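Okay, structure first, notes after.
Any read-out appearing in this document is the output of simple, stated calculations on the displayed coordinates, not a laboratory observation. Remember, it's a predicted structure, so these values are computed and weren't measured experimentally. For neighbour counting, all protein chains shown are included, and Cβ atoms are generated from backbone atoms with ideal geometry for every residue, glycine included.
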Amino acid sequence: MPDIPSYQLDALNLFSPLEVLEHPKLTAADLQLWVKRDDLLVLPKETDYPAFCGNKWRKLKYNLYHARAGGYEQLLTFGGAYSNHIAAVAAAGTLFGFSTIGIIRGEPAQKHNPTLAFAKKCGMKLHYVNRSIYRQKDEPDIQEQMTRPFGRCYILPEGGTNALALQGCQEIIHEIETQLSDSPTHICVSAGTGGTAAGIIQATHPACQILIFPALKGSFMQQEITPWVSESKKSWKIIEEYHFGGYAKWKPPLIQWMNTFYDETGIKLDPIYTGKLAFGLFSEIEKGSFSPGSRIVMIHTGGLQGRWGFMERYGSELLT
Ligand SMILES: Cc1ncc(COP(=O)(O)O)c(C=O)c1O
């Protein structure tokens with residue numbers, strides 16, 4: 001992996017393209033679909049390892065400004081061994097000059113997977129905690145005990161969702177408003193913690209419906225998102241049936257579908273989040289869930305570093 005450069009945080013003005021997608025299924029259903037290419041918001045640009053990508057820039061941007069303004073020199077966060085958020089915080093540290101600490105769920109593996117190898121390469125200090133303690137990390141006393149040994153740190157929650165992250169995600173909508181002359185009727189987005197979706201809901205006009213496709217199994221997403229959004233925001237809906245068994249679970253038809261989508265469109269997806277989103281969206285299109293004339297925007301939230309961990313575990317021939 002080549003050396004990772006540094007950037008001036010305040011000088012970065014990242015903006016992602018909105019691309020129209022041509023596809024026979026869209027023509028057949030009389031729909032228009034645009035992809036908001038946040039996967040192209042990649043840093044570092046000099047390497048082919050897209051660690052700081054997609055919604056990670058959106059969610060970290062104002063947190064990084066805040067950490068810098070507060071004189072913090074260290075960022076500390078939490079995550080699983082294949083977490084996109086861990087990779088992104090590690091990259092942010094190197095790119096913008098913070099030390100980073102990752103509290104990782106589970107026992108140390110003998111050999112680091114691509115995510116943790118990258119985090120280490122970026123200088124992140126990795127600390128492993130067993131799963132039962134990790135589960136309690138959001139309890140203030142436990143968190144204080146876990147983080148005290150590291151001194152003064154800017155603490156980012158697992159997955160990076162907080163009020164400043166939502167502020168960054170709202171900018172996805174502000175950009176789309178400048179890119180599309182007529183408002184979309186639907187915006188489709190993947191969800192893990194629901195923070196990205198919550199930011200999008202907050203910024204979107206009520207005439208547009210937000211469709212949220214969780215990457216995890218279970219009916220908790222409504223509960224996760226509700227506290228972050230105003231009561232007046234009603235036009236959002238969770239579509240639960242495209243998790244493929246749960247977080248990081250997959251089935252061959254998902255991977256085959258992602259490969260075909262890449263051949264047809266040149267857009268790479270990740271098997272954890274955006275693959276499930278796009279699969280779900282096209283399944284809904286085939287079911288006839290959208291009225292003719294609908295104008296849909298799909299948010300590509302990135303996650304491409306997750307492809308490396310997937311290929312390491314299941315074989316590099318699976319993903320094109
Ligand atoms: C690529 C990608 N898309 C979507 C999400 C979900 O974002 P959120 O946790 O804000 O729901 C994540 C979360 O890590 C992600 O990495």
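Miscellaneous remarks
- When you restrict to C-alpha pairs under 8 Å that are six or more residues apart and normalise by the size of segment 55-160, the relative contact order lands at 34 percent.
- Across the chain, Cα pairs under 8 Å and at least six residues apart give a relative contact order of 22 percent.
- Fraction of antiparallel bridges per DSSP, the chain only, in percent to nearest 5: 15 percent
- Dipole in debye (nearest 20) - segment 77-165, about Cα centre, beta carbon charges: Lys, Arg +1; Asp, Glu -1: 340 debye
- Counted by Cβ distance under 13 Å from CYS169, the other residues give a net charge of +2, where Lys and Arg count +1 and Asp and Glu count -1.
- Using Cβ point charges alone (K and R +1, D and E -1), the dipole size of the chain about the Cα centre works out to roughly 740 debye.
- Relative contact order (%) - criterion: Cα under 8 Å, at least six apart; region: segment 250-320: 37 percent
- Placing +1 on each Lys and Arg Cβ and -1 on each Asp and Glu Cβ, with no other charges, gives segment 1-133 a dipole about its Cα centre of roughly 460 debye.
- Checking every one of the chymotrypsin sites (Phe, Trp or Tyr not before Pro) in segment 161-264 against DSSP loop status and a limit of 16 other Cβ atoms within 10 Å picks out PHE220, TYR247.
- Exposed-loop-free span, longest in the chain, where trypsin sites (Lys or Arg not before Pro) count as exposed if DSSP calls them loop and at most 10 other C-beta atoms lie within 10 Å: 112-320
- Listed by chain and number, the lysines whose alpha-carbon sits under 25 Å from that of LYS287, ignoring those within fewer than 8 places in the same chain, are LYS25, LYS36, LYS217, LYS234, LYS237, LYS249, LYS251, LYS268, LYS276.
- Relative to the globular-protein estimate of 2.2 N^0.38 Å, the Cα radius of gyration of the chain stands at 0.97.
- Residue (of LEU277, ALA81, TRP236) at the positive-pole extreme of the chain, dipole from beta-carbon charges: ALA81
- Between ILE142 and TYR128, the distance separating the two model label sites (each 7 Å from Cα on the Cα→Cβ line) works out to 1.9 nm.
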